[in-house]
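The values are calculated or read from the model by the stated rules, or taken from the named source; none is laboratory data. Keep in mind the model is a prediction, meaning the values are calculated, not measured. Positions of Cβ are backbone-derived with ideal geometry, glycine not excepted, and every protein chain shown enters the neighbour counts. Please note that ligands, DNA and RNA were not included when accessible areas were found on the heavy atoms of the full protein model with its side chains. Shrake-Rupley method; radii C 1.70, N 1.55, O 1.52, S 1.80 Å.
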Amino acid sequence: ERHVVDHGGWRAWVPVASTFPIALTLAPLERIPDLTALDASGRADLAALLVDVLARLDRLYDVALPYMMWLNQRPTDGGAWPDAWLNIEIVSPWRRAGTARFIAAAEVASNEYFNPVIPEVVAERLRELG
């Protein structure tokens, strides 16, 4: 229900409980520890997926969607990180066009966030925009 799209060896989905109204996680289907471990095909699949999902996000409200993107990968300290799995998080604070979701002080203090958007609805809408 939260799956959005696959490109080659990569998948994009909406996380189950994001702090942000719009959120996507992108990850390779097989464990890859970092960007440098991707082969040419993996890089091409990632590029295609990024172009696809960013275009869908811009079509969501018919305007360029402001977003933040984090690349999570193994540390570069030279240590062994056998459990590292490269993934990318894309989030936007918009609940609808031009309307940001503001995080309340009580949410931050309690570490309990109340997202006004249902993840499955976001995923369905993004699938439709493909």
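Miscellaneous remarks
- Just one of (1) within 16 Å of the chain's Cα centre (by Cα); (2) farther than 19 Å from R125 by Cβ; (3) not aromatic (F, W, Y) fails for R56. It is (2).
- For region 63-82, the condition holds for no residue, the condition being that it is hydrophobic (A, V, I, L, M, F, W, C), within 25 Å of T19 (Cα to Cα) and in contact with a Pro (Cβ under 6 Å, 6 or more places away or on another chain).
- Of all residues in region 59-73, those that are within 15 Å of T99 (Cβ to Cβ) have Cβ atoms under 6 Å from Cβ atoms of residues that are outside any helix (DSSP H, G or I) and open to solvent by 50 Å² or more (accessible area, probe 1.4 Å), 6 or more apart or on another chain, in Y61/A97; V63/A97.
- Counted residues, region 73-130 - those being among the aliphatic types (A, V, I, L, M), open to solvent by 70 Å² or more (accessible area, probe 1.4 Å) and closer than 24 Å to R11 by Cβ: 2
- Restricting region 1-59 to residues that are over 30 Å from A104 (Cα atoms) and β-branched (V, I, T), the residue that is surrounded by the most Cβ atoms within 10 Å (Cβ to Cβ) is I32.
- Extreme residue, nearest to the chain's Cα centre (by Cα), among residues of region 110-130 that are of a type in the set (V, I, T) and under 14 Å from L57 (Cα atoms): V122
- Within the set A47, A84, A80, the sole residue that is at pLDDT below 95 and under 26 Å from H7 (Cα atoms) turns out to be A84.
- Matching residues, region 76-130, being over 30 Å from D34 (Cβ atoms) and of a type in the set (S, T, Y): T99, S110
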